[in-house]
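A short reminder: the numbers here are calculations on the coordinates, not readings from a lab. Computed from a prediction, not measured in an experiment: that's the story for all the values here. Reconstructed Cβ throughout: ideal geometry from the backbone, glycine too, with neighbour counts over all protein chains shown.
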Amino acid sequence: MDHGRPVDARLLAGIRESIANARPDLKQERGDLLTALTAAVDARQPEKIMAVLERLDIIDHYPAIQRPNGRLEPQPMPGGWTSWYGWMTELKAWEEAPYRAAAAQAAAADIP
């Protein structure tokens, strides 16, 4: 949901940087996901960005599922080379911010 406000430019810039710095094996094997993520970032579509980040995180975090030969060890999360999980949590925090602000407003005491 865009909540009527643009996605944080810092968040989008960080995701673009992570795409550019993705591991060579990930770029080769999952170029389709990186292309989809780039398109979603360019279109500023948080739902699509989150969906692709989730898929990239699963591939990075559980490589044995994707690579039967097990040649790539699981990346530590959050972090790793590109921190897909880190960007997922950042985007989730951005999406939740208006609801948290409304909840804090509703919970504020109205008696001085």
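Packing order of peptides 103-111, 47-55, highest average first: 47-55, 103-111 (average count of other Cβ atoms within 10 Å over each peptide's residues).
Based on alpha-carbon centroids, what's the gap between the range 1-47 and the range 89-108 in Å, whole number please? Between the Cα centre of the range 1-47 and that of the range 89-108, the gap is 23 Å. Using the beta-carbon distance between Arg10 and Ala43 and R0 = 22 Å, what value does 1/(1 + (r/R0)^6) give for FRET efficiency, to the nearest 0.05? The value I calculate is 0.80.
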